[in-house]
Amino acid sequence: MSISTSSILSMSGITKRFGATIALDDVAIDVQPGQVLALIGENGAGKSTLMRILSGSIKPDSGQMCLEQQAYEPADPHSARLAGVSMIYQELTIAPDLSLEDNLMLGCESSRFGLLDRKAQRERMQEALRLLGLDQFPLTIPARLLSPASQQLVEIARALVNQSKIVIFDEPTSSLTSEDVQQLFKVIRILKERGLGLVYISHFLEEIRELCDDYVILRDGQSVGAGKLDEASDDQIVHLMIGRELDELFPTVPHEQGELLVDLTNLTGSEKPVDVSLQIRRGEIVGLAGLVGAGRTELARCLYGLDPVKSGTVKIEEIQPAPNPRARIRAGMGMVSEDRKTEGLAQNRSIADNLTLSRLEDYARFGVVNLTSQKKSAREWMNRLNVKAESPEQTIQALSGGNQQKVAIARVLHQQADLLILDEPTRGIDVRTKSEIYRLMGECAAQGKAVLFISSYLPELQAVCDRIGVMARGRLKEIRPTEEWTAAEIMRVAISK
Ligand SMILES: Nc1ncnc2c1ncn2[C@@H]1O[C@H](COP(=O)(O)OP(=O)(O)OP(=O)(O)O)[C@@H](O)[C@H]1O
């Protein structure tokens, strides 16, 4: 690859192995000032590994990096930041109890400001905050009082205070409302105008088209395509990503409604949900739309027995199971939680264990687990959901984010629950597997199971659900058959008082 002399960043010949896995094989990227480069690829393609190398978290086995034509070999993330490379992660890294000012200073070397007095330092912070529309907050405010979207902007402001040259965004919109996404895009355009080089990772092609100039596509650790976004169609990009055509993004599986399965009556949690009544039939996919904080996750948690219920009842097949996950699983519920890191998967156990834990008795005789059949079944599910891993014995923590999410979904499918509660199941998941998950949801409904599908991505709710309910301020405001909603009406109800 020829390296332009005007590049801010060039990475070439980057190779990285983890044991038998070749995560990156001779990859090159080049970023110009004022350019937003999209890094595209399926789960496990190597995007995060490349960015972890760039941001100093891990070292490549071979390859070169140059920042403004100087050799760049960061020893750790701190030295990467000092050299001018900042990374904005999916999960925020803000310190909640520190002030806005202290958070802005995190990661900056104090000596860098040694010659500046506190006043000049504050001026630089104020300028960054003004630029990003955060100047209404006092510098002393504890970060936890800011909304998640503002906290993310503080991370970006930190990159500005630190005079970064390269800012990497790794799926930055995954927990933002559509309004906050627009604000973030505005900020990204400001950084672009200031001549920074930006790398943007996302599984949403719409976002990539709105923001990015050029793309690089990784597949199985290799760079399989690069160019200008204006000159590539969605089909071409998807084809390069998955190595073949995608049959259909939203496959439909015919299904019919059956008996009443779940009956929630006036369900009220400690704060949210508030007075929610909802019936779900077998063979039905019910979607829940709403803004972040509307109470959808809390409703799912009360339903699954994770959070205490203040009043109201939950019945499944006319029985009221005890309010704990064990009893709810026994009664036929399964859940994929939004937060797979803290409560979803056992990070240091194998894929096979995680997948089969809730139905281990299927593999046990006289109390002994038959490991061969456990692994065989795990392997089948891994193939079905296209989980990229060396073997079923690999631990969860060695998987890419999207592949971890796939294991969480495979587990609940393997559990054969009657009611699947899926909270943002496709977040961070590539297009091919998204399509497979929609198909599996349809198949579950066709088998007489029911699905409660929480999502902030309206197109998938509208394509997959039989009915959509909209929550706002903890309440289920309205529920209708999907064809009776438009996206604009859903949004109108979602922001209603
Ligand atoms: N610490 C590790 N140990 C073992 N394998 C790893 C480790 N980190 C990453 N890998 C493997 O390297 C490959 C690339 O993973 P990477 O996280 O870069 O993918 P990605 O493109 O960012 O995926 P996603 O879209 O799911 O975030 C995967 O096969 C992953 O399992």
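Rule-based calculations on the coordinates, nothing more; no lab input. These numbers were taken from a predicted model, which means no experiment stands behind them. Cβ sites come from the backbone with ideal geometry, for glycine too, and all protein chains shown count toward neighbours.
Pull out the extension gain between residue 397 and residue 135, defined as 0.36 nm times the separation in residues minus the alpha carbon to alpha carbon distance; nm, one decimal.
Values: separation 262, 0.36 × 262 = 94.32 nm, distance 3.87 nm.
Between residue 397 and residue 135, full extension yields an extra 90.4 nm.
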(Q) Quick query: amide H of residue 421 versus all other amide H atoms, modeled in the peptide plane; which residues come in under 5 Å with a sequence gap of 5 or more or a different chain? (A) 334, 335, 336, 452
Q: Please turn the phi angles of region 378-395 into ³J(HN,Hα) values with the Karplus equation 6.51 cos²θ - 1.76 cosθ + 1.60 (θ = phi - 60°), one per residue in order, whole Hz, x for glycine and proline.
A: 4, 4, 4, 5, 4, 5, 4, 9, 6, 6, 8, 7, 5, 7, x, 7, 4, 7
Q: Please grab the % of Cα pairs in region 389-497 that end up more than 26 Å from each other.
A: 27 percent
Q | Shape category assigned to region 260-494 from the gyration tensor of Cα positions, a/c cut at 1.5 | A | prolate
Q: For residue 162, list long-range residues whose amide hydrogen, built 1.01 Å from N in the peptide plane, is under 5 Å from its own amide hydrogen.
A: none
Q: Let me know the volume per residue of the alpha-carbon convex hull for region 9-242, in Å³.
A: 122 Å³
Q: Could you rank the peptides 124-133, 402-411 by their average count of other C-beta atoms within 10 Å per residue, with the highest value first?
A: 402-411, 124-133
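Counting only C-alpha contacts under 8 Å and six or more residues apart, can you give the relative contact order of region 260-494 as a whole percent?
Relative contact order of region 260-494: 29 percent.
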Q.
Suppose the chain between residue 246 and residue 233 were pulled fully straight at 0.36 nm per residue; how much longer would it get relative to their current alpha carbon spacing?
A. 3.3 nm
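Where does each of 161-167, 311-317, 54-60 land if you order them by average Cβ count within 10 Å, highest first? Working shown, then result.
Values: 161-167: 21.4, 311-317: 16.1, 54-60: 19.1.
Taking the mean over residues of other Cβ atoms within 10 Å, the ranking is 161-167, 54-60, 311-317.
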**Q.** In degrees, nearest ten, helix 431-446 long axis to first principal axis of the chain (Cα)
**A.** 10 degrees
**Q.** Given charges at Cβ of Lys, Arg, Asp, Glu: the chain dipole, positive-most of 355, 174, 452
**A.** 355
(Q) Based on alpha-carbon centroids, what's the gap between region 1-77 and region 233-295 in Å, whole number please? (A) 37 Å
Q) At residue 266 and residue 224, where each label point lies 7 Å from the Cα along Cα→Cβ, what is the point-to-point distance in nanometres? A) 5.6 nm
(Q) Under 20 Å between alpha carbons, and skipping anything fewer than 8 positions from residue 16 in its own chain: which lysines qualify? (A) 47, 59, 388
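Sorted by mean Cβ packing within 10 Å, highest first, what order do the peptides 23-31, 421-429 take?
421-429, 23-31
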**Q.** Built amide H within the under 5 Å cut-off of residue 58, gap 5+
**A.** 53
Q) How big is D, in µm² s⁻¹, for the chain by Stokes-Einstein at 10 °C and 1.306 mPa s if Rh is the Kirkwood radius over C-alpha pairs? A) 66 µm²/s
Q: Considering Cα pairs under 8 angstrom that are at least six residues apart, work out the relative contact order of the chain and quote it in whole percent.
A: 16 percent
Q) Taking the Cα atoms only, what angle lies between the long axis of helix 148-161 and the longest principal axis of the chain, rounded to 10 degrees? A) 10 degrees
Q) In region 415-440, which residues have a backbone nitrogen under 19 Å from the label point lying 7 Å from residue 58's Cα in the Cα-to-Cβ direction? A) 429-430
Q.
Please compute the contact order of region 9-242 in relative form: average sequence separation of alpha-carbon pairs under 8 Å and at least six residues apart, divided by the residue count, as a percent.
A. 31 percent
Q. From the backbone phi of region 408-420, what are the Karplus-calculated ³J(HN,Hα) couplings (6.51 cos²θ - 1.76 cosθ + 1.60, θ = phi - 60°) in whole Hz, Gly and Pro given as x?
A. 4, 6, 4, 4, 6, 6, 5, 5, 6, 5, 7, 10, 9
